[in-house]
Amino acid sequence: MLRGLYTAASGMIAQQRRHDTVTNNIANIHTPGYKQTNAVTRSFPEMLLSLTGVDQAERTTVGRWTSGVFAEESLSIHLQGDLTQTNQSSDFALISNIEVDGLAFDASGKATGPDGVPVFQPQAFFTVQDGNGDIRYTRGGKFTVTGDGFLMTSDGSNVLGTNGAPIQLPAGVGLDSLILTDDQRFVDSNGVDIGAQLLITRIENPNDLVREGNGNFRFVDDRGQARAIEVGERIEVRQGYVERSNVDSAQAAVDLMSALRAYEANQKVIQFYDQSLQKAANEVGRVG
């Protein structure tokens, strides 16, 4: 009897995790560059049940039994979000549609390689440096300029240039007087290069990234492959735009209700087992 109780309890925990994930997506619908997260669940390993008796007879196989599910991980969906025009010179939006020879990516950004192994579409990111000096990657392009002329993200990280150093505008020069070229260089109204170029990094497999908060991502180890973009790659940066989150609000509402209903169903199962155990303890075998 307790097996079913544990299975229902694990289902409730998994659905709570799913509910929290969808709620976080909905809360970040208006966050520039936010990437939707999906909770991935899986079942515990199956176990083989056998019927045994008090004698030395051979065991009789009953069948396989799965003891429940658990929320294994949360995966970010690195699909392109829609662009919103803000007309703010400090806003930048990345458009990334990187192609790989011999592969045709579907709408989810996944393809099957010649060896049958799934391949994910590479994605482009702004490259920033946090307060600890660590390299991070983001799609949130709402930047600001400090009094010293440093280009920074909303969480205070420095935006890096192709020279690997934080971008610093010349004294007395603001983004309002600068134009971003097709190769991500800043030039003035006369077309003069001020010596600053955005470092756009190509991540070969975006699933190697770990979400860190504030729209930043990082590699969990040194296995992630990243490099600066090259000329000719299908990447564009638009000034005066921001990339909206790629959260599907309609689907998020459906997923939220689905998680709630599944949670309630498992809750009813636990209540049934509780009542059954109460009867077994208090009523079954009662004398007189």
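The values are calculated or read from the model by the stated rules, or taken from the named source; none is laboratory data. From a predicted model like this one, the values you see are computed outputs, not experimental measurements. Methodologically, a virtual Cβ is constructed for each residue, glycine included, from the backbone with ideal geometry; neighbour enumeration extends over all protein chains shown. Just the protein is used for accessible areas: all its heavy atoms, side chains included, with ligands, DNA and RNA removed. Shrake-Rupley method; radii C 1.70, N 1.55, O 1.52, S 1.80 Å.
Annotations for the structure displayed:
- The set of residues from the range 167-183 being without any contact (Cβ under 8 Å) to a residue 40 or more places away in the chain, within 21 Å of Ser96 (Cβ to Cβ) and of a type in the set (A, V, I, L, M, F, W, C) comprises just one member, Ile167.
- Residues of the range 218-230 that are out of contact with any Lys or Arg (no Cβ under 8 Å at 6 or more places or on another chain), open to solvent by 70 Å² or more (accessible area, probe 1.4 Å) and under 23 Å from Ala39 (Cβ atoms): Val220 alone.
- Residue selected from the range 119-134 under the condition out of contact with any strand residue (DSSP E or B) (no Cβ under 6 Å at 6 or more places or on another chain) and not polar (S, T, N, Q), by the criterion farthest from Ser245 (Cα to Cα): Gly133
- Residue that is buried (at least 19 other Cβ atoms within 10 Å of the Cβ) and on the phi > 0 side of the Ramachandran plot, where the choices are Gly161, Gly215: Gly215
- Count of the range 170-187 residues which are at negative phi and buried (at least 17 other Cβ atoms within 10 Å of the Cβ): 5
- For the range 184-220, a residue qualifies if it is farther than 16 Å from Gln129 by Cβ, charged (D, E, K, R) and touching a residue at least 12 places away in the same chain (Cβ under 8 Å), and the qualifying residues are Arg185, Asp188, Arg202, Glu204, Asp208, Arg211.
- Search result, residues across the range 137-154 that are under 18 Å from Gln239 (Cα atoms) and open to solvent by 70 Å² or more (accessible area, probe 1.4 Å): Lys142, Thr144, Ser154
- Tally of residues being surrounded by fewer than 17 Cβ atoms within 10 Å (Cβ to Cβ) and modelled with pLDDT of 95 or more across the range 188-200: 0
- Restricting Asp130, Asp134 to those that are within 28 Å of the chain's Cα centre (by Cα), modelled with pLDDT under 95, open to solvent by 40 Å² or more (accessible area, probe 1.4 Å) and not aromatic (Phe, Trp, Tyr) reduces the list to Asp134.
- Listed by first and then second residue, the pairs linking a residue in the range 271-288 that is within 17 Å of Leu2 (Cα to Cα) to a residue that is open to solvent by 90 Å² or more (accessible area, probe 1.4 Å) and modelled with pLDDT under 75, with Cβ atoms under 9 Å apart and 6 or more places separating them unless they lie on different chains, are Tyr273/Met1; Ser276/Met1; Leu277/Met1; Ala280/Met1.
- Extreme residue, least open to solvent (accessible area, probe 1.4 Å), among residues of the range 231-257 that are without any contact (Cβ under 8 Å) to a residue 24 or more places away in the chain and more than 21 Å from Leu79 (Cβ to Cβ): Gly232
- Identification of strands (runs of 3 or more DSSP E) wholly contained in the range 93-166 with 3 or more residues that are touching a residue at least 60 places away in the same chain (Cβ under 8 Å) yields 123-129, 135-138.
- Of the criteria (1) within 30 Å of Ala9 (Cα to Cα); (2) touching a residue at least 40 places away in the same chain (Cβ under 8 Å), which one Ala228 fails: (1)
- For the range 167-178, residues that are assigned to a loop (DSSP other than H, G, I, E, B) and either in contact with a helix residue (DSSP H, G or I) (Cβ under 8 Å, 6 or more places away or on another chain) or small (Gly, Ala, Ser) (or both) total 4.
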